[in-house]
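The values are calculated or read from the model by the stated rules, or taken from the named source; none is laboratory data. Since the model is a prediction, treat every value here as computed from it, not as a measurement. Counting neighbours? That spans all protein chains shown, and the Cβs are built from the backbone with ideal geometry, glycine included.
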Amino acid sequence: MQNKGKYYITTAIAYTSGKPHIGNNYEIVLADSIARYKRKDGYDVFFQTGTDEHGQKIELKAADAGVTPKEFVDNVAGIIRGLCDLLNISYDKFIRTTDDYHEKQVQKIFKRLYDQGDIYKGAYEGMYCTPCESFWTESQLKDGKCPDCGREVKPAKEEAYFFKMSKYADRLIDHINKHPEFIQPVSRKNEMMNNFLLPGLQDLCVSRTSFKWGIPVDFDDKHVVYVWLDALTNYITGIGYDADGNSSEQYKKLWPADLHLIGKDIIRFHTIYWPIFLMALGEELPHQVFGHPWLLQNNDKMSKSKGNIMYADDLVEVFGVDAVRYFVLHEMPFENDGSITWDLMVERLNSDLANTLGNLVNRTISMSNKYFGGVVENKGVAEAVDEDLKAVVTGTYDKVEAKMDELRVADALTEIFNLFKRCNKYIDETEPWVLAKDEAKKDRLATVMYNLVESISIGAGLLEPFMPETAQRIMKQLNSEVRDFDSTKTFGVYASGTKVTDAPEILFARLDPKEVEEKAAAIAEKQKAEAGASEPAAEEEPGIDIEPKDEITYDDFAKMQFQVGEIIACEAVPKSKKLLCSQVRIGSQVKQIVSGIKAYYTPEEMVGKKVMVLVNLKPVKLAGVLSEGMLLCAEDADGNLALMTPEKKMPAGAEIC
C-alpha cells in the first residue's frame with residue numbers, strides 16, 4: 001500500500017469527573033477504528049486522545065472525596081486510560097491537561113492573545129451551570145435551566161477575562177461556507193450557523209476567579225484559565241505547538257488536524273470557539289470536525305440514579321472486547337442517536353458474530369479437515385456460481401472505502417458482514433457435503449473449500465481495523481497472516497496447499513439471554529446501591545391536576561388512529577415564532593405535520609425521534625402550511641411541552657392502542 005501522507009485524528013479529551021460509561025467510550029472506539037483503517041490504507045496516522053483535568057466541578061468533587069484535585073484526577077485519568085487499553089485502543093499519544101508542557105503553553109497562549117488585544121478584562125454576570133462550567137444569559141436558558149445539560153443554574157458575578165469572539169465571526173462564517181466538509185454531519189453545521197454564528201456571537205469568558213483548580217493566568221494570579229481555552233488547545237500542545245514560534249517538527253508535520261471526532265453536545269466549542277482561537281493565533285483550521293450522535297441505553301440517557309449505566313469493563317467481561325467494539329460501531333447511526341441494551345447485544349452476538357461469522361469460519365475449517373486433512377488446495381475446477389462469490393468478495397474493499405471516506409463506519413461494517421453472508425450462501429449453493437459423496441467431484445470440492453478460505457481471508461483483512469483480535473484469531477486458524485488492503489482486491493492470494501488448524505476455535509460462543517439478563521440485573525442493582533449511598537434521594541415530583549373534559553364512549557375513542565411515527569426531516573415554519581414543520585414516516589407513508597413546539601425543540605433535535613401521532617386528524621393549514629396530523633405532547637403546569645415517545649424500540653407505523 002503506497003504512503004498516502006499524514007493523518008492526524010483526535011478525540012475530545014475525557015473529563016476526569018468520574019468513570020466514563022460505554023456511551024462515552026463509543027467515541028474512542030469509533031476513533032480507533034478510523035485510525036486503524038487509515039493506517040492500513042496507507043496513511044501515516046497520529047492518533048491523540050487524553051483527559052481534561054481542570055475546573056470547578058473537579059475541585060468540588062475532590063473536596064467531597066477528601067483528596068486534593070491532583071490526587072482525584074490522577075485516579076480518574078488512570079481509570080480512563082485503563083478503559084482505553086481494555087478496548088484495544090491504538091492511540092499514539094495520551095495527553096493530560098495537567099502535563100507541565102501543556103500548562104506552560106496555555107499560559108503563553110493566553111498572554112499572547114491578551115497582548116494582541118483579543119483578550120480583555122471585564123466582569124461577568126449571568127446564570128452559571130457548574131457541571132458544564134458555562135455562563136448563560138436568561139434568554140439562553142431552556143425552561144430556566146442549562147440549555148446544554150438541563151441542570152439547575154445559579155446567578156453568579158465575577159471578574160473575568162473575555163475573548164472578542166465577534167472579531168473573527170465573519171471570517172469563520174466565510175470559512176464554513178467555502179468548506180462545506182468542515183462541520184459534519186450537515187445538520188450540525190446548520191445548527192451552528194443558524195443558532196449561533198448568524199445571530200451574532202457574544203464575547204467569551206476565558207478566565208475564572210471563583211475557584212483555584214486551573215492553570216493560573218501568570219500575569220494576574222487571581223485568575224485561572226477557563227476550561228475551554230485550556231482543554232481545546234490540547235490538540236496543538238500535544239504535538240509540539242509553541243506560542244513563541246518555536247513549534248516542533250512533529251507539529252509542522254501533523255497540523256492541521258485531519259479530523260476532530262467529538263460528541264454532538266460539544267460541537268459549538270469545537271466549530272466556533274476553537275477555530276476562532278486558531279485564527280487569532282494565526283494557525284490553520286482543522287480539516288474536519290465530526291459531531292457524532294449519542295449512544296443511549298434503551299433510548300434513554302445513562303444515569304447512575306436510574307441504574308441504567310453500562311460500563312465497558314462490565315460489557316467486556318460478559319461479551320468480550322471485539323463483541324463490544326462491534327456493537328457500538330455497528331449500532332450507531334451516522335447522524336441520529338443509537339441505542340444499546342443487554343438484550344440487543346445478546347441478539348447481535350448470537351446472530352451476527354456467533355452465527356454469520358463464527359459458524360462460517362468453524363464450518364469451513366471443519367470441512368477442510370474432514371475432507372482433505374486440513375490441506376486447502378485450489379484445483380481450479382470452477383463453476384458459474386463461483387464468479388458471483390468472487391465479485392462480491394473482491395468488490396467489498398471499494399464499498400468499505402467509500403463508506404469510510406464519509407465516516408459511515410456502521411455502514412462499512414455492514415458491507416464486510418455482507419461478504420460473510422455471501423460466503424454462507426455459497427456453502428448452501430455448492431453443498432460440499434453432497435460433493436464429498438462423489439469421488440469424481442473431489443477436485444471441485446477442493447476448489448469450493450479454497451474459495452471459502454480465500455473469501456474468509458479477504459473478509460478478515462477488511463475486518464481488522466474494527467475487530468483486530470478477531471481478524472488475528474481467524475487468520476491464525478487459517479495458518480496465514482492478516483491481509484493488507486491491496487490483497488483484498490485480488491482473489492487467489494491465499495497460498496494453495498496451506499494446512500489449516502486441526503481444531504477450529506469457537507470465535508464467539510452463543511449466549512443464553514436469561515443468563516445475561518440475570519448478570520445485567522445484578523450490575524444494575526449494584527449501581528443503584530452505589531448511587532443511593534453517594535447521592536441524596538430525589539424528591540418525589542408532585543403531580544398536577546387539569547380541568548376534566550366531558551366523558552367519551554369507546555366508540556368515540558375508536559375513531560382516533562394513533563401510530564408511532566419517525567421524524568425524518570424538520571424545519572422551522574417561516575415567519576412563525578412557534579411552529580415547526582416535520583416530515584413524519586408512518587409505515588410506508590410520510591405525513592407533513594405542523595406543531596407549536598419551536599420553543600422546546602430545535603429542528604435538529606426533532607430528526608430521528610420516534611413520536612406518538614394522531615394520524616387521521618382532518619388536514620388543516622397552519623401559517624399557510626398544510627398539516628396532516630398531530631404530534632402528541634405532555635404539558636406541565638407551567639406550559640412546558642415534551643413529545644410523547646415509546647418506552648421501548650418500536651417501528652414507525654406501529655399502532656398505539
Residue check, Glu335 against (1) in the same structural domain as Cys423 (by TED's automatic domain parsing); (2) touching a residue at least 40 places away in the same chain (Cβ under 8 Å), all met but one. Which one?
(1)
Taking the conditions exactly as written (over 20 Å from Ala231 (Cα atoms), among the hydrophobic types (A, V, I, L, M, F, W, C), part of a helix (DSSP H, G or I) and modelled with pLDDT of 90 or more), does Ile176 satisfy them or not?
yes
Going by the structure shown, is Lys19 outside any helix (DSSP H, G or I), of a type in the set (D, E, K, R) and within 19 Å of Asp265 (Cα to Cα)?
yes
For the structure I just gave you, tell me whether Phe162 is crowded, with 17+ Cβ neighbours inside 10 Å and of a type in the set (A, V, I, L, M, F, W, C).
yes
Report those helices (runs of 4 or more DSSP H) wholly inside the stretch 275-388 carrying at least 2 residues which are modelled with pLDDT of 95 or more, in contact with an Asp or Glu (Cβ under 8 Å, 6 or more places away or on another chain) and crowded, with 19+ Cβ neighbours inside 10 Å.
321-330
Candidate set from the stretch 45-61 (those that are among the polar types (S, T, N, Q) and closer than 26 Å to Asp92 by Cα); member that is surrounded by the fewest Cβ atoms within 10 Å (Cβ to Cβ):
Gln48
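Given the condition at pLDDT below 95 and out of contact with any helix residue (DSSP H, G or I) (no Cβ under 7 Å at 6 or more places or on another chain), answer yes or no: does some residue in the stretch 231-240 qualify?
Scanning the stretch 231-240 turns up no residue that is at pLDDT below 95 and out of contact with any helix residue (DSSP H, G or I) (no Cβ under 7 Å at 6 or more places or on another chain).
Tell me which residues, restricted to the stretch 237-291, are among the polar types (S, T, N, Q) and under 22 Å from Glu335 (Cβ atoms). Let's see the steps before the verdict.
At the first step, the residues of the stretch 237-291 found to be among the polar types (S, T, N, Q) are 237, 246-248, 250, 271, 288.
Residues satisfying the conditions are Thr271, Gln288.
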Could you give every pair whose Cβ atoms fall below 7 Å, whose first residue belongs to the stretch 595-612 and is part of a strand (DSSP E or B) and crowded, with 17+ Cβ neighbours inside 10 Å, and whose second residue is modelled with pLDDT of 85 or more and among the aromatic types (Phe, Trp, Tyr), counting only separations of at least 6 or pairs across chains?
Met612/Phe562
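Among the residues of the stretch 471-494, are any part of a helix (DSSP H, G or I), among the small types (Gly, Ala, Ser) and crowded, with 19+ Cβ neighbours inside 10 Å? Steps first, please.
Residues of the stretch 471-494 that are part of a helix (DSSP H, G or I), as a first pass: 471-477, 486-489.
Now restrict to residues that are among the small types (Gly, Ala, Ser): 471, 487.
Subset that is crowded, with 19+ Cβ neighbours inside 10 Å: 471.
So far as the stretch 471-494 goes, yes, one or more of its residues are part of a helix (DSSP H, G or I), among the small types (Gly, Ala, Ser) and crowded, with 19+ Cβ neighbours inside 10 Å.
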Scanning the stretch 91-124 for residues that are basic (Lys, Arg) and either in a strand (DSSP E or B) or at pLDDT below 95 (or both) gives Lys93, Arg96, Lys121
Considering the stretch 386-424 alone, what residues qualify as being under 14 Å from Leu452 (Cα atoms) and among the hydroxyl-bearing types (Ser, Thr, Tyr)?
Thr394
Taking the stretch 144-173 as the region of interest, how many residues are among the charged types (D, E, K, R) and modelled with pLDDT of 95 or more?
4
